[in-house]
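Presented below is the structure to which this report refers.
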Amino acid sequence: MKLQKKDILGIKDLSIEEINLILDTADSFVEVSTREIKKVPTLRGKTIVNLFYEASTRTRTSFEIAGKRLSADTINISASTSSVVKGETLIDTARNLEAMNPDVIVIRHSAAGAPHLLARLLKPSIINAGDGAHEHPTQALLDMLTIRAKKGKIAGLKVAIVGDIAHSRVARSNIYGLTKMGALVAVAGPATMLPLHIEKMGVAVFRHINEAIQDADIIMMLRVQTEREKQNIFPSLREYAAYFSLNTRNIRRAKDDVLVMHPGPINRGVEISPDIADGPYSIILEQVTNGVAVRMALLYLLTGGTG
Amino acid sequence: MNYLLKGGRVVDPSQQLDSCPLDILVERGVIVKLEDNIAKTGAAGRRAKSGDLQVFNLEGMVVAPGLIDMHTHLREPGFEYKETIRTGSEAAVASGFTSIACMPNTNPVNDNRAVTEFIKRKAQECGLVRVYPVATITVGSEGAHLAEFADLKDAGAVAFSDDGKPVMNAGIMRRALEYAASIGMPVISHCEDLNLSAGGLMNEGWIATKLGLPGIPGIAEDIMVARDIALAGFTGTPVHIAHVSTKEAVSLIRNAKTRGIGVTAETAPHYFSLTDEFLEEFDTNGKVNPPLRTPDDLQAIKEGLRDGTIDAIASDHAPHGRTDKEVEFEYASAGISGLETSLALGLRLVEEGALTLTQLIEKMSIMPAKILKIPGGTLRVGSVADITAFDPGMAWTVALPLFRSRGKNSPFGGWALRGKAVLTLVNGEVKYRNPLPLDGGGLGWG
C-alpha cells in the first residue's frame, strides 16, 4: 500500500488507514535501529532538508538520524530567528532550497500554518515538525506507535492529556489521532489553558488533573512554558507544581498499569515529579526511540515506498 | 457636456423614490430634471443641435445617488506600494463610488494640516472621485494628545479617527468627543481593547482552537463599544462605531439608539459575507481586523443592517502588497481590498431578502453622507450630479489580478457575484463607464 499524500501537515488530514499504514511501516523500521550496522540503503540518493525555525534537540536529531539510517543525504538548517526578522521571507528561503532539488523538506516554525504555506507553493514533500500551537504530527504518530507497542491496541484506552492544551501542538495532534483510533481522551488544565470549545474535538474536559487521570491507561503530561507565567496564564511555577503536576500521590488514581508519557523537554518538578519521570510507569525515552522509526517510515512512504 | 440618463430604475432613498423608468437630465454638473421620458431634443432640438447632450440608455440598470464609502485606506503618503490615491480612486469610480473617506494611518500619519492638504491636492489632481480625509484623534495615533481638530477641519478633514488603533484611554476619548462635537465634527471609533486582543490573530473560538492560533475575543470589541456608548451618553455627543463585527456590539448599539444616544455604526461586507471558517487553510487573505467572526455574529450583523441598527456599509478597503500577505499567517498584515466587491456583496443581501434595494443604497450613499456631513447621497433636482448606475444582474467572477486597486488581497477571489457599476458621474462628469457597449437602441453611449 502506498501513502497517497504529498505532504504530512497534520493528523487532522490523515485517515485511520493512513495512520495504520504509517504505524505498521514504522514497526518494521524499529528493528533497523537495533542492528550492529544501523543503516539500510532504502533512500540512497534522496535529499532531505531539515529547516528549523525553532529550537529543537529531539525532533531535529530524530529526523536527521532517521534520514541517515535510510542512507538519505540530510541537511540541517537552523534559523535562530524568524524569517521576517532575518530579512528573507520563508517563501524565498524555501524556494532557494527547492532550487537545489531536495525530495523532502522538514519544517518546524513558530507560526501556525507555515508548513501549509510551503506545501501550497513547493514541489518537494513537506513534513510538519511542529507549527506554532497547531500540529506536531510526527510526535502524535510516535506516541501512538509507543502506546500500540506497549498496550497492543489504542482503541478503548483511556488517555489523559494534562497541561497547557491551548498552546500545545502535541495536544492537538494527539487528540486528532487518538480519537480517530478509538481512544477515550480527557484533557485537564486550569481554564486559562483550555481553549474555547475544545470539547468539540471529542474530548472530556476537566479543570483538575485528578479527575482526568482517574482510571487512566495513559497519562500524557505537557510541558509548561515558563514564559506563560508572564502572560498570567498561571500565577507561578510553584503553584502549578502544587496543583497540576503528576506525582507519586495522584498517580494512584490511574490504573495500576498506567503508562506516563511526555513529549519533552520535561520540567522536572514542575509538571512532572522526578520520581515519576524516572519511575517504572514512564515510557518517555521509549517515545524518543520510536520517534526515529516513525520518521523513517514517513520519509520512506513520502518518497514513494510501499508499506 | 450635459447628460440624459434614460430609462433606468431610479432608486433614491433620500426622497423615497423607486421609479422605473425615470429619466435624469444633468446640465452643467447639476441634476436639473427628474422626469419620466425627458425629450432627447429638449427645446426643439436645441441641445441635440449644439451637440453637447450625451444620452445614455440605462434600461435594466439601477440609477442611484453616487455611492459613498466612508471607510477606506488609500495608503498614500508612505505605502504607495500598497495603494496610491490614484489607484484607489480608479478602483472607487469603477465600482460605483463617487465619494470616499480615507483613514489617517499613512506614513506620516494624517495628524496635521500638511498631510490633509497633500491628500486633498493629490485627489484633485487625479480628478476622479471626491476624497475626504479623516484625520487622527491623537497625535501620531498614539493615544496621548489630541490632534489639532479645528486646524484639521479647516484644512479639509471631515472626521477624526485613530483607525487601526483604539483610543485606549477613556479620559482622552471623552475629551476627543467633547472637543470634536463643539466644532461639529464626527469621531469614528475603532473599538478594540488592546489588553483583550493582545497577540490575537483571528476570532477566538472553535476554529482558532483547531488551528492553534491565538484568538481575538469578541469581547475585545464589545467592551469598547460599550465604553464609547457610555461616553457618548455622558457627554451628550455623537460617536460613530467603525467596522462592527460582533453580535453583542450590534445589540449594544441597538439598545443605545433606543435610549436616544447619538451613536451611529457601520459594518463591512466581509462581516456579512464570511466567517472564521474561511481561515481553515491559513489563507492570509482572510486575515482582517476586527477578525472574521462566527455564523452567529454574521446573522446578527445582517439583522442589525435590516433593522437600522447599523447605518452604513463601508468597505474598510485595506489594500496590501504581495509581500504583506505571502508570508506566515502570524506575520501577514490584516486587511481586505474591498472597494471593488462592496456593491456586489451588498447586492447579495438584496437577493437573499435581508435588505431591500432601497435600504442597501441608503446605507451606501445618504447615510454615510449624513454621518460625515458631506454633500451627496441624493438625486434631488438642484443637487450636484454624483450619480451611479449599475447593472444589478450582471454576473461576473472576482478575478483578483484584474483589480484596479494595487491591493489584490481579497478572500473573494473566484467568487461568482452579480451586479457591477456601469456608469459613474462625479460632479456631472463621466468618470467611469463600463467598457462593454450597452444595447443603446440607437442611443447607446452617444
Q) Among the helices (runs of 4 or more DSSP H) confined wholly to region B:284-370, which include 1 or more residues that are in contact (Cβ under 8 Å) with a residue 12 or more places away in the chain and within 14 Å of chain A (Cβ to nearest Cβ)? A) B:295-306, B:322-325
Q: Would you check if there is a residue in region B:181-193 being under 30 Å from A:Arg169 (Cα atoms), over 22 Å from the mean Cα position of the chain (by Cα) and more than 14 Å from chain A (Cβ to nearest Cβ)?
A: yes
Q) Based on what the data block shows, is B:Tyr132 in contact (Cβ under 8 Å) with a residue 24 or more places away in the chain, under 27 Å from B:Met185 (Cα atoms) and of a type in the set (Phe, Trp, Tyr)? A) yes
Q. Which one of A:Ala140, A:Ala94, A:Ala112, A:Ala55 is within 14 Å of chain B (Cβ to nearest Cβ) and in a loop (DSSP other than H, G, I, E, B)?
A. A:Ala112
Q: For A:Ile105, state whether it is away from every other protein chain (no Cβ under 13 Å), in a helix (DSSP H, G or I) and within 18 Å of the chain's Cα centre (by Cα).
A: no
(Q) Which pairs turn up if I take residues in region A:187-199 that are closer than 12 Å to A:Ser168 by Cβ and look for partners that are assigned to a helix (DSSP H, G or I) with beta carbon separation below 6 Å, at least 6 apart in sequence or on another chain? (A) A:Pro195/B:Thr209; A:Ile198/B:Thr209
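Okay, residues lined up against (1) farther than 21 Å from A:Val170 by Cα; (2) of a type in the set (Lys, Arg):
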site: A:Leu3; (1), (2): yes, no
site: A:Asp7; (1), (2): no, no
site: A:Lys12; (1), (2): no, yes
site: A:Ile16; (1), (2): no, no
site: A:Leu23; (1), (2): no, no
site: A:Val30; (1), (2): yes, no
site: A:Val40; (1), (2): yes, no
site: A:Arg44; (1), (2): yes, yes
site: A:Tyr53; (1), (2): no, no
Q | Filter result for the condition that a residue is out of contact with any Cys (no Cβ under 6 Å at 6 or more places or on another chain), surrounded by fewer than 18 Cβ atoms within 10 Å (Cβ to Cβ) and among the hydrophobic types (A, V, I, L, M, F, W, C), over A:Leu259, A:Leu285 | A | A:Leu285
Q: Starting from residues that are assigned to a loop (DSSP other than H, G, I, E, B) and without any contact (Cβ under 8 Å) to a residue 24 or more places away in the chain, keep the ones in region A:209-240 and report whichever is nearest to the other protein chains (Cβ to nearest Cβ).
A: A:Gln231
Q: Take region A:267-277 and flag every residue that is in a helix (DSSP H, G or I) and in contact with a Lys or Arg (Cβ under 8 Å, 6 or more places away or on another chain).
A: A:Pro274, A:Ala277
Q | Which numbered condition A:Ile8 misses (of (1) touching a strand residue (DSSP E or B) at 6+ places or on another chain (Cβ under 6 Å); (2) among the hydrophobic types (A, V, I, L, M, F, W, C); (3) modelled with pLDDT under 95) | A | (3)
(Q) Test of understanding: among B:Leu196, B:Leu211, B:Leu177, which residue is away from chain A (no Cβ under 14 Å), surrounded by 17 or more Cβ atoms within 10 Å (Cβ to Cβ), at pLDDT 95 or above and on the phi < 0 side of the Ramachandran plot? (A) B:Leu177
Q. Mind checking which residues of region A:176-200 are of a type outside the set (Gly, Ala, Ser), surrounded by 23 or more Cβ atoms within 10 Å (Cβ to Cβ), within 14 Å of chain B (Cβ to nearest Cβ) and not in a helix (DSSP H, G or I)?
A. A:Val187, A:Pro195
Q. How many residues does region A:1-33 hold that are surrounded by 14 or more Cβ atoms within 10 Å (Cβ to Cβ) and not in a helix (DSSP H, G or I)?
A. 7
Q | Residue tally, condition farther than 22 Å from B:Trp415 by Cα and surrounded by fewer than 24 Cβ atoms within 10 Å (Cβ to Cβ), over region B:312-331 | A | 5
(Q) Against the conditions (1) crowded, with 24+ Cβ neighbours inside 10 Å; (2) within 14 Å of another protein chain (Cβ to nearest Cβ); (3) touching an Asp or Glu at 6+ places or on another chain (Cβ under 6 Å); (4) farther than 24 Å from B:Tyr331 by Cα, where does A:Val205 fall short? Just the number, please. (A) (1)
Q | Residues satisfying the stated conditions in region A:149-170, i.e. within 14 Å of another protein chain (Cβ to nearest Cβ) and either basic (Lys, Arg) or closer than 25 Å to A:Thr25 by Cβ (or both) | A | A:Arg169, A:Val170
Q: Go through region A:3-22 and give me each residue that's hydrophobic (A, V, I, L, M, F, W, C), away from chain B (no Cβ under 14 Å) and touching a Ser or Thr at 6+ places or on another chain (Cβ under 8 Å).
A: A:Ile8
Q. Do you know which residues across region B:222-255 are in a helix (DSSP H, G or I) and over 16 Å from B:Ile301 (Cα atoms)?
A. B:Ile223, B:Met224, B:Ala226, B:Arg227, B:Asp228, B:Ile229, B:Ala230, B:Leu231, B:Ala232, B:Gly233, B:Phe234, B:Thr235
**Q.** Test result for A:Leu145, farther than 24 Å from A:Asn128 by Cα and either among the polar types (S, T, N, Q) or touching a helix residue (DSSP H, G or I) at 6+ places or on another chain (Cβ under 9 Å) (or both)
**A.** no
Q) For region B:218-236, does any single residue satisfy the condition of being farther than 21 Å from B:Leu372 by Cβ, without any contact (Cβ under 8 Å) to a residue 24 or more places away in the chain and within 14 Å of chain A (Cβ to nearest Cβ)? A) no
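So that you can scan it fast, the table gives a plain yes or no per residue for (1) hydroxyl-bearing (Ser, Thr, Tyr); (2) assigned to a strand (DSSP E or B); (3) without any contact (Cβ under 8 Å) to a residue 12 or more places away in the chain:
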residue	(1), (2), (3)
A:Ala242	no, no, yes
A:Ile251	no, no, no
A:Val260	no, yes, no
A:Pro263	no, no, no
A:Gly279	no, no, no
A:Gly291	no, no, no
A:Val294	no, no, no
A:Leu298	no, no, no
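Table: residues versus (1) surrounded by fewer than 17 Cβ atoms within 10 Å (Cβ to Cβ); (2) modelled with pLDDT of 95 or more.
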site	(1), (2)
B:Ala344	no, yes
B:Glu351	yes, yes
B:Phe390	no, yes
B:Ala395	yes, yes
B:Ser410	no, yes
B:Gly414	yes, yes
B:Leu423	no, yes
B:Val430	no, yes
B:Gly441	yes, no
Q.
Among the residues of region A:143-166, what is the count of those that are part of a helix (DSSP H, G or I), among the aliphatic types (A, V, I, L, M) and surrounded by fewer than 21 Cβ atoms within 10 Å (Cβ to Cβ)?
A. 1
Q | Residues of region B:182-193 satisfying the condition of being surrounded by fewer than 18 Cβ atoms within 10 Å (Cβ to Cβ) and in contact (Cβ under 8 Å) with a residue 60 or more places away in the chain | A | B:Gly184
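The values are calculated or read from the model by the stated rules, or taken from the named source; none is laboratory data. Bear in mind that the values here come from a model prediction, so they are computed numbers and not experimental data. Because the Cβ atoms are built from the backbone with ideal geometry, glycine has one as well, and the counts that use them run over all protein chains shown.
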